[in-house]
Amino acid sequence: MFCNKCGAEVTPGQKFCTQCGAQIQLQPQMQPRPQAQPQMQPQMQAQPKADKPGKKKTGLIIAIILVIVLLLAILLGVIGYTVFNYIVKNDTGSYTESYTEVVTEVEDDDKTEVKPEEAQPEVAAETEETAESEVLTDDLTSTEGTDLIPYGYSDVYASNDKVVIVPNGTITDDTVLWNGKTIGGFCDYIDKDVFGGQSPMDRDLLYKLFAIHEIDPQVIPDDKTFESVMQYCLVVAAEFRDAGVVMNKAVFTPSQPNKYHYEMTVNGETNIWTIDYDTQEVTLNNGKTEYSSAGDYGMFTEQTMAIWMYAISEYFELN
């Protein structure tokens, strides 16, 4: 301890400096301010796990596939019902009234309650199979007894039991289908960008399919319907583009408007091909041969449908 004035050393408790006589002023000792110790917080938050390589990409692919499947479930009913509803709603005549009655009767039959003891599933299945066999062998595509209604792309022959659609040959390369784009230009596009210049599209087959499933330019109301109809026409035309077949006409019944029977010329002989667009079942040789399109890019796979959806949207500039 030292004097505040002269700096001489003084003893603790001494009130005056022995050297200069100055009063000793006690200075409080400054205690060092304790530093706050950092509080260690326990790490309670779980660290996010790093995504495995490809996990996000896989999730995106799954999501896209689910969306495509949902769209297909919604659009499967468009291809047949579009033509069916257009014919029923926009034409007059005896066949139209009878047509509506047939549909009403079918709906009423579906609502009829069947008691357990009256149900005979084995007999019903046998009857249905027999009826189908008779249909395919009893001049299915004959227009006898039908009423003719000409449309822009096809002639339609309708009766109480069936609708026969015959392409009239008006669709050519220069036919404008949608948004000012021609079907010939579209074929050029897919031959190059989809097929890579190999095994080009059978244009006659595609044009007739489109004529059958659209029948008239005014049938298609919007982009989505056009995309769906064109999609299914492309699925069939692309699958059989190398078969060398000729499509003549098609027929469907009021009770199964999504099941089309196509009259084909195969190796000079008439043959019936059937495509059920609801079940995606395909039969050839007058219903005797089941056709299977295997692989990831078969007729109705998600990959195939996605390719055609993109191509149609890209070329025709759909919204």
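What follows is calculated from the coordinates using simple rules that are stated; it is not laboratory data. As the structure is a prediction and not an experimental result, all values here were calculated from the model. Backbone-built Cβ (ideal geometry, glycine too); neighbour counts: all protein chains shown.
Filter the cross-link list LYS192/LYS288; LYS181/LYS224; LYS192/LYS259; LYS162/LYS224 down to pairs whose alpha-carbon distance in this structure exceeds 24 Å.
LYS192/LYS288; LYS192/LYS259; LYS162/LYS224
Quick check for me: using +1 on Lys/Arg Cβ and -1 on Asp/Glu Cβ, what's the dipole size of the stretch 242-319 about its Cα centre, in debye to the nearest 20? Working shown, then result.
Working: 3 positive and 11 negative charges, 65 e Å.
The dipole of the stretch 242-319 has a size of about 320 debye.
Taking amide H atoms as placed 1.01 Å from N in the peptide plane, list the residues 5 or more away in sequence, or in a different chain, whose amide H sits under 5 Å from that of GLU281.
When sequence neighbours closer than 5 places are left aside, the close amide H contacts are ASP276.
In whole Hz and in residue order, list the ³J(HN,Hα) couplings for the stretch 295-304 that follow from phi through the Karplus curve 6.51 cos²θ - 1.76 cosθ + 1.60, θ = phi - 60°; x for Gly and Pro.
x, 5, 10, x, 4, 10, 6, 4, 5, 5
Can you list the HN-Hα couplings for the stretch 233-246, worked out from phi with the Karplus curve (6.51, -1.76, 1.60; θ = phi - 60°), rounded to whole Hz and with x for Gly and Pro?
Along the stretch 233-246, the couplings run 5, 5, 4, 6, 4, 5, 5, 10, 5, 9, 7, x, 9, 10 Hz.
For labels at ASP188 and ASN248 in the simple 7 Å Cα→Cβ model, what's the distance in nm?
3.4
HN-Hα J couplings of the stretch 279-286 from phi, Karplus 6.51/-1.76/1.60, θ = phi - 60°, integer Hz, Gly and Pro as x?
Coupling constants for the stretch 279-286: 8, 6, 8, 10, 10, 10, 6, 6 Hz.
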